[in-house]
Amino acid sequence: MNSQYDLIVVGGGVLGTFHAYHALKSGLKVALLEKDRKPKGATVRNFGQVVPSGMNTKWQAYGRESLRIYKNIQSKFNISVRQEGSIYLASNDEEMQLLEELYEINKSNSYPSQLLTKGQCLKKYANLREDYVKAGLFFPEEIMIEPRIMIHRLHEYLEKSGLDLYRGETALECDALRSGVQIYTSLNRLLSTSKVLICNGTDFKILYPQLFIESDLVVSKLQMMQTKPQPNYRLRSSVLTGLSIRRYEAFTECPSYDNIKAKENPDSFEKKWSIHVLFKQATDGSIILGDSHEYAPASRIDELGIDLNMDIDNFILQEAKKIFDLPTFEIQNRWLGFYSQCKTTDIYQRTIDDDIHIVTGIGGKGMTASAGFAKENIKSIFYVEHA
Ligand SMILES: Cc1cc2nc3c(=O)[nH]c(=O)nc-3n(C[C@H](O)[C@H](O)[C@H](O)COP(=O)(O)OP(=O)(O)OC[C@H]3O[C@@H](n4cnc5c(N)ncnc54)[C@H](O)[C@@H]3O)c2cc1C
């Protein structure tokens, strides 16, 4: 077959787009198909916190590589990267213990972090409540991006670098031929390529629906809020708090983690909805606040429904007010987000007929780890090396 492309990526979210980026960098001829004119998936609905500090050792390595990639692109083209760091705030002795243990783990991994006293936290973070914070662990290398800007800017950058981007065009069918693959699209186009990479996020009903029904993929539904712009107020980094310390994978590697978790009340409201409280200031001065998690198997995604549960938002707001006295807690936007993850593995990967590769289910770590993971994955699919 005379292939038009070396690689067609299906799905223009962060995972698909960074696969396209690395393939282009390797000198391959690449196309990206995105079903919406502008992506509407998890990639534009998240906090935009790029926090390798929250990942286990394996995924922290991908996250750290992602930091290098984001910063490198930003030095050439504005994709909304800001290096302001991230902090975890402990609210009691148990959480402080976990911060100290994570500090030691990161020291042995040569990942810079700084333990901050209560006084240092109060000095650095305006309006932080004295009766909440006991100590903090700060990661200076970490960045934030603007989710509603970053992916569009990255697409623009890749188009300038030679990517063929088919916006508003759905891949409806992939046919493996004796050599290469043909893709049929919603605009009656037939594209030919040597390999296909499908990064479909949570869209399980278009390509290979049966495969996803039979998989162990689950979908998580998250609730998010955004305050009105804060008058004369600056939050000096991403902020993760006590409930995140008890949730993020990095802390599962701390020696005290299991003992501390065993003491938690399994029937609490925050456990029922897997709530933790994160803060990030957007460039318009508003604060993004979240989040909660509700789960359903990929085969029963519709059970997650379309409603925003006001009890959850009220709980997040009530907890947020215990942490920061923000100038305003008036909410201007509320939205749902969905991401997929596997029950038994840390990402979903399948290869069909040698040349069709499915990669999804990166869970809550996609903005942080996709760029680094995709670099390695492109190398393993194409056996290529690049800078
Ligand atoms: C509320 C929320 C907060 C989060 N916060 C963070 C955070 O702060 N930090 C972090 O690291 N991660 C965070 N995450 C996780 C992160 O957003 C996801 O892991 C990541 O965006 C997943 O990217 P993706 O490309 O796999 O999926 P998606 O962003 O869903 O992209 C998939 C794309 O594929 C397209 N598509 C599907 N099928 C087809 C088809 N057949 N043809 C053409 N196009 C198709 C879809 O239109 C979609 O645009 C958060 C997630 C949510 C929901």
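The values are calculated or read from the model by the stated rules, or taken from the named source; none is laboratory data. The shown structure was predicted, so the numbers you read here are calculated from the model rather than taken from an experiment. Using ideal geometry, Cβ is built from the backbone for each residue, glycine included, and neighbour counts are taken over all protein chains shown. Heads up: the accessible areas ignore ligands, DNA and RNA and are worked out on the full protein's heavy atoms, side chains in. Shrake-Rupley method; radii C 1.70, N 1.55, O 1.52, S 1.80 Å.
Residues in segment 108-130: is at least one of a type in the set (D, E), more than 14 Å from the ligand (Cβ to nearest atom) and on the phi < 0 side of the Ramachandran plot? Yes, segment 108-130 has at least one match. I'd like the full set of residues that are open to solvent by 10 Å² or more (accessible area, probe 1.4 Å), assigned to a strand (DSSP E or B) and within 12 Å of the ligand (Cβ to nearest atom), limited to segment 350-387. Within segment 350-387, just I362 meets the criteria.
Go through segment 31-40 and count every residue that is open to solvent by 40 Å² or more (accessible area, probe 1.4 Å) and within 15 Å of the chain's Cα centre (by Cα). So the answer is 1.
Among the residues making up segment 281-314, those that are away from the ligand (no atom under 16 Å from the Cβ) and assigned to a helix (DSSP H, G or I) are S299, R300, D302, E303, M310, D311, N314. Among the criteria (1) surrounded by fewer than 19 Cβ atoms within 10 Å (Cβ to Cβ); (2) out of contact with any strand residue (DSSP E or B) (no Cβ under 6 Å at 6 or more places or on another chain); (3) closer than 25 Å to M225 by Cα; (4) of a type outside the set (D, E), the one T43 does not fulfil is (1). Only one of the numbered conditions (1) more than 15 Å from the ligand (Cβ to nearest atom); (2) farther than 28 Å from I287 by Cα is violated by L33, and that is (1). Taking the criterion of being open to solvent by 50 Å² or more (accessible area, probe 1.4 Å) and either within 13 Å of the ligand (Cβ to nearest atom) or polar (S, T, N, Q) (or both), the only residue of segment 46-63 that qualifies is T57.
If the condition is being within 11 Å of the ligand (Cβ to nearest atom) and farther than 27 Å from H276 by Cβ, then segment 213-224 contributes no residue at all. Count of segment 1-30 residues, restricted to those that are surrounded by fewer than 24 Cβ atoms within 10 Å (Cβ to Cβ) and within 11 Å of the ligand (Cβ to nearest atom), is 0. Could you tell me whether segment 221-242 includes any residue that is more than 24 Å from I378 (Cβ to Cβ), at pLDDT below 95 and touching a strand residue (DSSP E or B) at 6+ places or on another chain (Cβ under 9 Å)? There is at least one residue in segment 221-242 that is more than 24 Å from I378 (Cβ to Cβ), at pLDDT below 95 and touching a strand residue (DSSP E or B) at 6+ places or on another chain (Cβ under 9 Å). Taken together, the criteria exclude R82 from residues that are touching a residue at least 24 places away in the same chain (Cβ under 8 Å), within 11 Å of the ligand (Cβ to nearest atom), open to solvent by 10 Å² or more (accessible area, probe 1.4 Å) and among the charged types (D, E, K, R). Residues that are polar (S, T, N, Q) and away from the ligand (no atom under 13 Å from the Cβ) were ranked within segment 331-349; the one that is nearest to Q226 (Cα to Cα) is Q332. Taken together, L191, L137, L187 contain a single residue that is in contact (Cβ under 8 Å) with a residue 24 or more places away in the chain and within 13 Å of the ligand (Cβ to nearest atom), which is L191. Screening R148, R178, R167 for residues that are surrounded by fewer than 19 Cβ atoms within 10 Å (Cβ to Cβ) and away from the ligand (no atom under 16 Å from the Cβ) leaves exactly one candidate, R178. Filter segment 299-341 for residues that are touching an Asp or Glu at 6+ places or on another chain (Cβ under 9 Å) and acidic (D, E) and give the result. If the condition is that a residue be touching an Asp or Glu at 6+ places or on another chain (Cβ under 9 Å) and acidic (D, E), then E319 is the only one that fits.
Of the helices (runs of 4 or more DSSP H) lying entirely inside segment 37-127, the ones with 2 or more residues being closer than 29 Å to K322 by Cα are found at 93-108, 118-124.
Considering only residues that are near the ligand (Cβ under 9 Å from one of its atoms) and polar (S, T, N, Q), which ones fall in segment 194-212? Hits for segment 194-212 are N200, T202. Restricting E173, E159 to those that are among the acidic types (D, E) and not in a strand (DSSP E or B) reduces the list to E159.
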